[in-house]
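> If you scroll down you'll find the structure; I have some questions about it.
The values are calculated or read from the model by the stated rules, or taken from the named source; none is laboratory data. Here the structure is a predicted model, which means the values were calculated and not measured. In this analysis, Cβ positions are derived from the backbone assuming ideal geometry, glycine residues included, and neighbour counts consider all displayed protein chains.
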There are 2 protein chains.
Amino acid sequence: MSKRVFGHISGVPVGSTFENRTELSKSGVHRPVQAGISGSQYEGADSIVLSGGYEDDFDKGDIIVYTGHGGNDPRTGEQIDHQTYDRGNYALAISQKEGYPVRLVRGAHSGNPYAPTSGYRYDGLYRVVSHWCETGKSGFNIWRFRLVTLDEKQISAEIPPTGEQEPSHQVQRVTRVLRSTSVADWVKQLYDYRCQVCGLSIETPAGPYAEAAHIRPLGQGHDGADTPDNVLCLCPNHHVMFDYHAFTIEDDFRLVGDATEHQLIVDASHRIDPANLAHHREQYRVKHLPT
Amino acid sequence: MSKRVFGHISGVPVGSTFENRTELSKSGVHRPVQAGISGSQYEGADSIVLSGGYEDDFDKGDIIVYTGHGGNDPRTGEQIDHQTYDRGNYALAISQKEGYPVRLVRGAHSGNPYAPTSGYRYDGLYRVVSHWCETGKSGFNIWRFRLVTLDEKQISAEIPPTGEQEPSHQVQRVTRVLRSTSVADWVKQLYDYRCQVCGLSIETPAGPYAEAAHIRPLGQGHDGADTPDNVLCLCPNHHVMFDYHAFTIEDDFRLVGDATEHQLIVDASHRIDPANLAHHREQYRVKHLPT
């Protein structure tokens, strides 16, 4: 078996089309002939096929929300059980954590204006920016992955091409939720830029550094609010751990998971919405289920 | 004096033009009538004017490299002394650290195709993504700030408008240096995802998490290489501290600054280029100069 390739496949430009999954597989763009996710739990995912197979997929061109696999009836495609946090779903989580590019292939689908009219088309590289578990239209748990395009346009003037050591430059289009500066500022100043988990304040020549972390994430699929009752002041390490659900927070601010040596520091003037904590705990729970 | 406003000025759309600095100032888009940077050392910078006043400015439309202020002869504009890390220059560093949007105004300049033909034009919001000190064409130290546009295009379909608590969504175009996955992977695996400064490994449900930090940054203005001799494996906290020059590294791997309780962990198979360390130390030095 050949090595898993992340990024473009040599000789296959973006926009290449394929009549069927066998042709697509031979090209190297997406090797599996049936599975929608190409990847392993150890290496991450290198490509996906978006073909309208799941009723919960979402396609806005530059941004897609892709439904993970598992739990559907192989004959009817109907969702008949929960999806689990393993195989291709876990592979996509690794690609997010490591920042691996994922090749996107779209299959023909009458309801999607971004899909080709027939067969399959290679639509370039995307990046996984978040993933979460939710109840799908079927009533079963599904895993969802938000991906945004890594646009191909070169800014060749940016760096003169002086050799192999120069990394290539590209313009990337990402969806960014514009966060309220005043909410982030208010929370950071309230805690004097100290992490609410470990108390650390990072001093830099440009002043103290802390991050405003949303308990219930902003953006499609979560719709968390950008309000102080949904924001914590965290150091970058605890922000990563919180976003990846290495720990979560009880209503009494006890910490559960990889931060139990600490207790969340909460100022008397900082009301935190228990519904947001409950949302985070549910995501924590499903990621720690035995698979 | 009115409160400093970050972001758009109500009633002044992107593309608005102004005959002169007085008109521009009255609009609220850029208050100072002479200074190119509007901001303070305490609050950050809210707007800049790019008008070709500095010979080292760089304008690619979506991406600009803006030269800080100070050190020039007020009569001739000629650079006659070093720029220092204070006033507007420090204000732009704060805007980077806090992620504040900065309004960009372009002034007429015959040599710049992105500039208006006369007067001044409000060109929307940008984000400061990095800053550094270098020797300008004049031979004096100058501070430079890389800014990228926060594109205005709304993705209105992304989130249904259901009230004030919904943050607005925008597509952002950022220049991203495509980093070599294999170099980052190699370094992270060599250290088993442990920080070379503090030894911490962050465990998440998606596996261990660490960051590959470039000693000499990639991208225009630094041109660091994406090779193992320029990459460290760091936890997010020490990555932030290293990028903001809270500490630096001697050739013998002693740490200088806010991490002196540690000694850099370096594997025998990991050659680190002393020229890259020297580049980082020089940036550390100029940020810690008394001003």
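> If you go through segment B:261-291 one residue at a time, how many are away from chain A (no Cβ under 14 Å), in a helix (DSSP H, G or I) and under 17 Å from B:ALA246 (Cβ atoms)?
Number of matching residues: 2.
> Moving on to the next point. Quick check on A:ASN72: is it surrounded by fewer than 23 Cβ atoms within 10 Å (Cβ to Cβ), more than 18 Å from A:VAL5 (Cβ to Cβ), free of Cβ contacts under 8 Å to residues at least 60 places away in the same chain and in contact with a strand residue (DSSP E or B) (Cβ under 9 Å, 6 or more places away or on another chain)? Even if it seems obvious, please write down each step before you answer.
Numbers: surrounded by fewer than 23 Cβ atoms within 10 Å (Cβ to Cβ): yes; more than 18 Å from A:VAL5 (Cβ to Cβ): yes; free of Cβ contacts under 8 Å to residues at least 60 places away in the same chain: yes; in contact with a strand residue (DSSP E or B) (Cβ under 9 Å, 6 or more places away or on another chain): yes.
For A:ASN72, the condition - surrounded by fewer than 23 Cβ atoms within 10 Å (Cβ to Cβ), more than 18 Å from A:VAL5 (Cβ to Cβ), free of Cβ contacts under 8 Å to residues at least 60 places away in the same chain and in contact with a strand residue (DSSP E or B) (Cβ under 9 Å, 6 or more places away or on another chain) - is met.
> When the residues of segment A:243-271 are filtered to those that are among the acidic types (Asp, Glu) and touching a helix residue (DSSP H, G or I) at 6+ places or on another chain (Cβ under 7 Å), which remaining residue is farthest from A:VAL128 (Cα to Cα)?
Out of the qualifying residues, it is A:ASP267.
> Scan (1) touching a Pro at 6+ places or on another chain (Cβ under 8 Å); (2) modelled with pLDDT under 90 for the single condition A:PRO113 breaks and write down its number.
Checking A:PRO113 against (1) touching a Pro at 6+ places or on another chain (Cβ under 8 Å); (2) modelled with pLDDT under 90, the one that fails is (1).
> Same structure, new question: Working only within segment A:84-131, note down all residues that are touching a strand residue (DSSP E or B) at 6+ places or on another chain (Cβ under 7 Å) and farther than 19 Å from A:SER47 by Cα.
If the condition is that a residue be touching a strand residue (DSSP E or B) at 6+ places or on another chain (Cβ under 7 Å) and farther than 19 Å from A:SER47 by Cα, then A:ASN112 is the only one that fits.
> Follow-up question, since we're still on this one. Given the conditions (1) at pLDDT 50 or above; (2) within 14 Å of the chain's Cα centre (by Cα); (3) closer than 22 Å to B:ILE63 by Cβ, which single one is not true for A:CYS133?
(3)
> Identify all residues within segment B:267-291 that are modelled with pLDDT under 95 and of a type in the set (Val, Ile, Thr); write none if there are none.
B:VAL286, B:THR291
> Go through segment A:66-79 and give me each residue that's modelled with pLDDT under 90 and of a type outside the set (Gly, Ala, Ser).
A:HIS69, A:ASN72, A:ASP73, A:PRO74, A:ARG75, A:THR76, A:GLU78, A:GLN79
> On to the next question. Give A:VAL5, A:VAL102 a once-over and let me know the one that is surrounded by 20 or more Cβ atoms within 10 Å (Cβ to Cβ), under 26 Å from B:ALA206 (Cβ atoms) and not acidic (Asp, Glu).
Working: A:VAL5 fails: surrounded by 20 or more Cβ atoms within 10 Å (Cβ to Cβ).
None of the others qualify; the one that does is A:VAL102.
> So A:CYS235 fits all but one of (1) surrounded by 19 or more Cβ atoms within 10 Å (Cβ to Cβ); (2) farther than 26 Å from B:GLY99 by Cα; what number is the exception?
(2)
> If a residue has to be farther than 14 Å from B:GLY107 by Cα and more than 24 Å from the chain's Cα centre (by Cα) to count, how many in segment B:4-22 make the cut?
Summing the residues that are farther than 14 Å from B:GLY107 by Cα and more than 24 Å from the chain's Cα centre (by Cα) in segment B:4-22 gives 4.
> Checking the conditions here, which among B:ASP267, B:ASP223, B:ASP251, B:ASP192 is touching a strand residue (DSSP E or B) at 6+ places or on another chain (Cβ under 9 Å) and not assigned by TED's automatic domain parsing to the domain that holds B:CYS133?
B:ASP192
> Mind telling me which of the residues A:ALA91, A:ALA45 ends up being surrounded by 21 or more Cβ atoms within 10 Å (Cβ to Cβ) and out of contact with any Asp or Glu (no Cβ under 8 Å at 6 or more places or on another chain)?
Only one candidate passes the filter, namely A:ALA45.
> Next question. So which strands (runs of 3 or more DSSP E) are wholly in segment A:15-113 and hold at least 2 residues that are of a type in the set (Val, Ile, Thr)? Don't jump to the end; show me each part of the working.
On the way: elements: A:37-40, A:44-50, A:63-67, A:101-107.
Result: A:44-50, A:63-67, A:101-107.
> With respect to the numbered conditions (1) out of contact with any Gly (no Cβ under 9 Å at 6 or more places or on another chain); (2) surrounded by fewer than 20 Cβ atoms within 10 Å (Cβ to Cβ); (3) more than 21 Å from B:ASP185 (Cβ to Cβ), which one is the sole condition not fulfilled by B:HIS280?
Result: B:HIS280 passes all but (2).
> Across segment B:252-291, what is the total count of residues that are farther than 22 Å from B:LEU218 by Cβ and out of contact with any Asp or Glu (no Cβ under 7 Å at 6 or more places or on another chain)? Spell out how you get there, then give the answer.
Step one: of segment B:252-291, the residues farther than 22 Å from B:LEU218 by Cβ are B:252-263, B:265, B:267-269, B:288-291.
In the following step, the residues that additionally are out of contact with any Asp or Glu (no Cβ under 7 Å at 6 or more places or on another chain) were identified as B:252-255, B:257, B:259-263, B:265, B:267-269, B:288-290.
Summing the residues that are farther than 22 Å from B:LEU218 by Cβ and out of contact with any Asp or Glu (no Cβ under 7 Å at 6 or more places or on another chain) in segment B:252-291 gives 17.
> Residues that are of a type in the set (A, V, I, L, M) and under 16 Å from B:HIS270 (Cα atoms): which strands (runs of 3 or more DSSP E) entirely in segment B:189-253 hold 2 or more of them?
B:211-214, B:231-234
> Mind checking which residues of segment A:209-224 are facing chain B (nearest Cβ under 10 Å) and modelled with pLDDT of 90 or more?
A:TYR209, A:ALA210, A:GLU211, A:ALA212, A:HIS214
> Right, another one. So which of A:VAL286, A:VAL183, A:VAL197, A:VAL240 ends up being at negative phi, touching a Cys at 6+ places or on another chain (Cβ under 6 Å) and surrounded by 16 or more Cβ atoms within 10 Å (Cβ to Cβ)?
Within the list A:VAL286, A:VAL183, A:VAL197, A:VAL240, the selection yields A:VAL286.
> Let me ask something else about it. Considering every residue within segment A:46-60, establish whether at least one is modelled with pLDDT of 90 or more and under 27 Å from B:PRO236 (Cα atoms).
The answer is yes, given that some residue of segment A:46-60 is modelled with pLDDT of 90 or more and under 27 Å from B:PRO236 (Cα atoms).
> Just checking, how many residues over segment A:1-33 are of a type outside the set (Gly, Ala, Ser) and touching a Lys or Arg at 6+ places or on another chain (Cβ under 7 Å)?
4
> Identify all residues within segment A:231-247 that are more than 7 Å from every other protein chain (Cβ to nearest Cβ), more than 19 Å from A:ILE202 (Cα to Cα) and in contact with a strand residue (DSSP E or B) (Cβ under 6 Å, 6 or more places away or on another chain); write none if there are none.
Within segment A:231-247, A:PHE247 is the sole residue that qualifies.
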